[in-house]
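Undergrad: The structure's right below; bear with me while I get my questions together.
The values are calculated or read from the model by the stated rules, or taken from the named source; none is laboratory data. As the structure is a prediction and not an experimental result, all values here were calculated from the model. Here the Cβ positions follow ideal geometry from the backbone for every residue, glycine too, while neighbour counts run over all protein chains shown.
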């Protein structure tokens, strides 16, 4: 790392620390006071030890008799100092710890709030792992130097005090101190400077090693079925080897500096003995002062390292802080409006007018990928509309736009004639529900997963929704019923069960518009038919919901009052199933694919009876 | 699962620390190489710490008190300085060896554990949280290194320092040594007690950190649900609770930790005061010199640090040993579905036939999902397995690809029992496409050539063309070079399945097993794929677990599974002919859905 950059990092690191102090000034003051008290007592203890030796021990031994008063005073002073040191430790460590943890908690709160406020398009551009570490390890890294900071500040004060007291004692001994303390300080700084980039590299490699392990274990089934364990291990071993080398280089640096940092104050003590002896001969100091100074060197060596700790943590802190800031400063909120839909149980209408949409690319230099263009259609109140189209036509995007997970690039989406961007958050959520293609289940009970703590959804309503989604059977069979915990991402449930649970979640809110994004694909055809029949009318026999359904199955499509047929993000045709079936070739291909397959099959069966089976890959179609 | 349970328990495991250490050292014999030399260097390094108080005593008694003798003083200082240079050099060598040896040994453990996790059976892999498997090869190994570098050697060095300091003190005065011990022994007892509580407090911190990560993870992964249901307020409240309870646990832990260091500090104060009082009385009796009393004051400071470090390290050692034990436990699990390796047989060349011989399968401690299945499938045939959700049809695919072994009976390919077939032979000849076609965060091309890295881009394009997917590939933003995102999430679910299918296709297997591999693809594409697959897999054996009965219609034979038993088998037309059969009912429902 060039020294220019590292000086820059130092400046920015100190700015981050300054921010921490401004945010928690009082607790920081407590911590620093404790630290200064501790430092002062350390310096004081050296002089008390010196005085005790010079004024109590030497006379007593030389005279061969004990002065009880002086001795009692000495013992009290030594013990008293250590009580005050303990008080200092309490103030310093408690203050530093509380300050660090409060800042961490505070920033975790701010970062996760941003996650909730930022639109999904922002989430799409950021990897899950990155967002997790932003809230966790980056926040932690940013405030990590706070733990040793008060100690370091107290040590600085203590060093100044120590040098001043040295001058007060004797200028020659003070010169020894002036040689040793700055050298110790410089050694610490040099150590931290060299260590920081090595630590950063190790940290980065550690994350990469963990990333490879995570991905590889996630895809364990594919690795196993294709017999790629060896190659995956080689991929992991390569990065683990780099990590090993990085950690060894960290260790070698420690091997150089740690022993030197320990030896330097010892050499200082020896120098004090030599210089002190000369000064003693000159009569400039007495034995007590000599012992004091020697003791001072011994007890100061350790605290000086706290300064090194803070400096060593700064680059990591700056890197963490930058990543945290990136989240806090991210723009592009999707603010909600003020309008509310009328409180009614009647089905709602949905209107798309010239809607266009493109996903922003993950990397800025790539072009936008247009997904939808000029999409217009209506789901009239109480009607069911089916969205049909080939894989990748943009159906899921329409479903997301309908419940305002994302906003269109152009055009408008309206519910009951109101632009969804003008609606208040709860008003939209109360009226419209989406069941996604891939079910998401919270690590919580069945009850909480269905009700989501929404008001008015009691156990009875939960059971009613489960019944409607044909999930009541398996829930009733679970050991704890509604109280069963479903595990991380619902791992204790099968795919079909998870899907039915998310269906029940949507139904429990009695939405006036229901959007189903191929939400019954993991459910067997017979079960699906039953669910769809239930959806057409509400459980209480009142008005049902308007339904926008993404579907491939003809039975589902046939239930729709109207079909919107999409190709490559455009509405190609709309009308009833039977109209489209007689007029739109693409639609015919898609929807009658299975019948065609059957016809082909029958034809082929005849054909094959007279033609012997060809073998190999080269068969002509 | 045992591993997860253990994480919270910590010391509940019966296995002793020593046994774990022995197992660990047996696993990484390189750790022992030169250990004696490293320890020797460490002890010399530690002697440097005791040198200074001795020098102070010698210097004061010989060179200062009772008439200055500068020559004597210089000799003492010069000898001590020389000793310090040597001990510093030993310190450097000790650390260098320690870091090189431990990091090298543990990188090996990391890689071995990684490989072992892949070698474990699918059942075992799925019984653990992904995160806990990852920590076996990351943070657990880090903890062991921490222990070896800090715990092991530093603990010994500090205990050595205590021993040597004690010896030096005893040489000066047994009475003063007693005073110092009287101050420190109760402190050590109290510190140990506090540290047991501290270990508990840190356990709570770890647990709450886990809960916090879980909460943040849900708020990130579940963002669409949170937005769609307008439950940002509820989510924020839960996050706040998780954040605050973690902070409270941290604060509790630090309070206990401070108490511990205070006790050590106070003991030092008591010891200093005691040394002065007793030392003065002894000195007055001419039992002790001034230098010796002074040296004692320095020696007491040498006592505080090792006492605090040693007690702290003992605690961390507990955690590290637990980490080591977790890694060892993973390595000790013998894969229940093991590669016969060298002893195994290779599959005979050519198309493969399948035989299930009286196969029964039950999940561990679970009900039987397949009962007494006996089945012959001739080579080159195309078979569809159908049945309702939970009927046991996916179990077929898993047994056939040896992701799991039958509880009873055997599966044979061309007459060779699966358990005898070497994995490299099995995996190159038998490939399965699972329903959830996991993609790696790389390009389309990288994912497709996963099984055969030597394929060129041209060959990949040719493969897509053969599968009739050339148009779809052209429609991707960057064709083969399109990034698929984490777990393939930049693509739709159906598109991911297309890539997974291409990946299996280029692997060129003789037996292709499809487990609802096209369930999220649109019907037209599915039917097209079906046709092209029929063509390109002709001459091989295919077994398809079918969700849509269109697949069954095209198969040479349909196997109908109901509640873990084969209830019908034969060509589609034959099975439909019996109007009351399970298949006829499934088919009627399917027709209802599709027309």
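Undergrad: Among the residues of region B:66-75, write down those that are facing chain A (nearest Cβ under 8 Å) and within 59 Å of the chain's Cα centre (by Cα).
TA: B:73, B:74
Undergrad: Can you find a residue in region A:277-297 that is at positive phi and out of contact with any strand residue (DSSP E or B) (no Cβ under 6 Å at 6 or more places or on another chain)?
TA: Yes: region A:277-297 contains one or more residues that are at positive phi and out of contact with any strand residue (DSSP E or B) (no Cβ under 6 Å at 6 or more places or on another chain).
Undergrad: On to the next question. Kindly establish whether residue A:241 is modelled with pLDDT of 90 or more, facing chain B (nearest Cβ under 7 Å) and either in a helix (DSSP H, G or I) or surrounded by fewer than 23 Cβ atoms within 10 Å (Cβ to Cβ) (or both).
TA: It is true that residue A:241 is modelled with pLDDT of 90 or more, facing chain B (nearest Cβ under 7 Å) and either in a helix (DSSP H, G or I) or surrounded by fewer than 23 Cβ atoms within 10 Å (Cβ to Cβ) (or both).
Undergrad: Quick one: in region A:425-438, of everything that is closer than 20 Å to residue B:218 by Cα and modelled with pLDDT of 85 or more, which residue is surrounded by the most Cβ atoms within 10 Å (Cβ to Cβ)?
TA: The qualifying residue surrounded by the most Cβ atoms within 10 Å (Cβ to Cβ) is A:435.
Here is a yes/no grid of residues against (1) in contact with a strand residue (DSSP E or B) (Cβ under 8 Å, 6 or more places away or on another chain); (2) touching a residue at least 60 places away in the same chain (Cβ under 8 Å):
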{"position": "B:437", "(1), (2)": "no, yes"}
{"position": "B:442", "(1), (2)": "yes, no"}
{"position": "B:454", "(1), (2)": "no, no"}
{"position": "B:473", "(1), (2)": "no, no"}
{"position": "B:484", "(1), (2)": "yes, no"}
{"position": "B:487", "(1), (2)": "no, no"}
{"position": "B:490", "(1), (2)": "yes, no"}
{"position": "B:499", "(1), (2)": "no, yes"}
{"position": "B:515", "(1), (2)": "yes, yes"}
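Undergrad: Regarding residue B:63, is this residue within 30 Å of residue A:267 (Cβ to Cβ), in a helix (DSSP H, G or I), more than 11 Å from every other protein chain (Cβ to nearest Cβ) and free of Cβ contacts under 8 Å to residues at least 60 places away in the same chain?
TA: In short, no.
Undergrad: Could you give me the residue pairs with C-beta distances under 9 Å whose first residue belongs to region A:487-500 and is within 9 Å of chain B (Cβ to nearest Cβ) and under 16 Å from residue B:225 (Cβ atoms), whose second residue is modelled with pLDDT under 75 and part of a loop (DSSP other than H, G, I, E, B) wherever it lies, and which are 6+ apart or on separate chains?
TA: Close Cβ pairs satisfying both conditions: A:488/B:129.
Undergrad: Which members of region A:462-489 meet the condition of being touching a helix residue (DSSP H, G or I) at 6+ places or on another chain (Cβ under 6 Å) and part of a helix (DSSP H, G or I)?
TA: A:462, A:465, A:466, A:468, A:472, A:474, A:475, A:482, listed by residue number.
Undergrad: Could you look through region B:458-479, keep only residues that are under 39 Å from the mean Cα position of the chain (by Cα) and not in a helix (DSSP H, G or I), and pick out the one that is surrounded by the fewest Cβ atoms within 10 Å (Cβ to Cβ)?
TA: It comes out as B:478.
Undergrad: When you check residue A:213 against the structure, is it farther than 30 Å from residue A:42 by Cβ, crowded, with 19+ Cβ neighbours inside 10 Å, at the interface with chain B (Cβ under 9 Å from one of its Cβ atoms) and touching a helix residue (DSSP H, G or I) at 6+ places or on another chain (Cβ under 7 Å), yes or no?
TA: The answer is yes for residue A:213.
Undergrad: Another question, then. Could you check how many residues of region A:228-238 are at the interface with chain B (Cβ under 7 Å from one of its Cβ atoms) and either assigned to a helix (DSSP H, G or I) or in contact with a strand residue (DSSP E or B) (Cβ under 9 Å, 6 or more places away or on another chain) (or both)?
TA: 5
Undergrad: What is the residue count in region A:486-522 for residues that are modelled with pLDDT under 85 and either closer than 17 Å to residue A:550 by Cα or surrounded by fewer than 17 Cβ atoms within 10 Å (Cβ to Cβ) (or both)?
TA: The number of residues fulfilling the criteria is 10.
Undergrad: Further question on the same structure: Looking at (1) more than 7 Å from every other protein chain (Cβ to nearest Cβ); (2) surrounded by fewer than 19 Cβ atoms within 10 Å (Cβ to Cβ); (3) part of a helix (DSSP H, G or I), can you tell me which one residue B:234 breaks?
TA: (1)
Undergrad: I'd like to check something: does region B:302-310 contain any residue that is assigned by TED's automatic domain parsing to the domain that holds residue B:215 and surrounded by fewer than 20 Cβ atoms within 10 Å (Cβ to Cβ)?
TA: Checked region B:302-310: no residue is assigned by TED's automatic domain parsing to the domain that holds residue B:215 and surrounded by fewer than 20 Cβ atoms within 10 Å (Cβ to Cβ).
Undergrad: So which residues in region B:374-409 are in contact with a helix residue (DSSP H, G or I) (Cβ under 7 Å, 6 or more places away or on another chain) and at positive phi, if there are any at all?
TA: Once the filter is applied, which keeps residues that are in contact with a helix residue (DSSP H, G or I) (Cβ under 7 Å, 6 or more places away or on another chain) and at positive phi, region B:374-409 yields B:387, B:402.
Undergrad: So which of B:94, B:46 is within 11 Å of another protein chain (Cβ to nearest Cβ), within 30 Å of residue A:205 (Cα to Cα), crowded, with 22+ Cβ neighbours inside 10 Å and in contact with a helix residue (DSSP H, G or I) (Cβ under 8 Å, 6 or more places away or on another chain)?
TA: Selected residue: B:94, the only one of B:94, B:46 that is within 11 Å of another protein chain (Cβ to nearest Cβ), within 30 Å of residue A:205 (Cα to Cα), crowded, with 22+ Cβ neighbours inside 10 Å and in contact with a helix residue (DSSP H, G or I) (Cβ under 8 Å, 6 or more places away or on another chain).
Undergrad: Of these, B:81, B:167, B:89, B:113, which one is assigned to a helix (DSSP H, G or I), at pLDDT 80 or above and more than 10 Å from every other protein chain (Cβ to nearest Cβ)?
TA: One residue alone meets the criteria, B:167.
Undergrad: Of all residues in region A:143-169, count the ones that are surrounded by 21 or more Cβ atoms within 10 Å (Cβ to Cβ) and under 18 Å from residue A:46 (Cβ atoms).
TA: Within region A:143-169, residues that are surrounded by 21 or more Cβ atoms within 10 Å (Cβ to Cβ) and under 18 Å from residue A:46 (Cβ atoms) number 7.
Undergrad: Name every residue in region B:418-447 that is in a loop (DSSP other than H, G, I, E, B) and within 7 Å of chain A (Cβ to nearest Cβ), in order of residue number.
TA: Scanning region B:418-447 gives B:434, B:438, B:440, B:441.
Undergrad: Let me ask another. Wholly within region A:384-443, which strands (runs of 3 or more DSSP E) include no fewer than the required count, namely at least 2 residues that are in the same structural domain as residue A:503 (by TED's automatic domain parsing) and over 24 Å from residue A:469 (Cα atoms)?
TA: Fully inside region A:384-443 and qualifying: A:410-415.
Undergrad: Restricting attention to region A:600-621, report how many residues are surrounded by 11 or more Cβ atoms within 10 Å (Cβ to Cβ), more than 8 Å from chain B (Cβ to nearest Cβ) and modelled with pLDDT of 50 or more.
TA: Result for region A:600-621: 2.
Undergrad: Can I ask one more? Name every residue in region A:97-117 that is more than 9 Å from every other protein chain (Cβ to nearest Cβ) and crowded, with 18+ Cβ neighbours inside 10 Å, in order of residue number.
TA: Across region A:97-117, the qualifying residues are A:99, A:103, A:107, A:114.
Undergrad: Considering only region B:548-557, I want to know if a residue exists there that is out of contact with any strand residue (DSSP E or B) (no Cβ under 9 Å at 6 or more places or on another chain) and surrounded by 19 or more Cβ atoms within 10 Å (Cβ to Cβ).
TA: Yes: region B:548-557 contains one or more residues that are out of contact with any strand residue (DSSP E or B) (no Cβ under 9 Å at 6 or more places or on another chain) and surrounded by 19 or more Cβ atoms within 10 Å (Cβ to Cβ).
Undergrad: Let me ask another. Of the residues B:65, B:54, B:141, only one is closer than 17 Å to residue A:240 by Cβ and in contact with a helix residue (DSSP H, G or I) (Cβ under 8 Å, 6 or more places away or on another chain); which?
TA: Unique residue meeting the criteria: B:141.
Undergrad: Return the residue satisfying two criteria in turn: it lies in region A:367-383 and is more than 33 Å from the chain's Cα centre (by Cα) and part of a strand (DSSP E or B), and of such residues it is surrounded by the most Cβ atoms within 10 Å (Cβ to Cβ).
TA: A:379
Undergrad: Go through (1) assigned to a helix (DSSP H, G or I); (2) without any contact (Cβ under 8 Å) to a residue 60 or more places away in the chain for residue B:409 and report which single condition fails.
TA: Among (1) assigned to a helix (DSSP H, G or I); (2) without any contact (Cβ under 8 Å) to a residue 60 or more places away in the chain, the lone unmet condition for residue B:409 is (1).
Undergrad: Could I ask something else about it? Regarding residue A:473, is this residue at the interface with chain B (Cβ under 10 Å from one of its Cβ atoms) and either in contact (Cβ under 8 Å) with a residue 12 or more places away in the chain or farther than 20 Å from residue B:226 by Cβ (or both)?
TA: no
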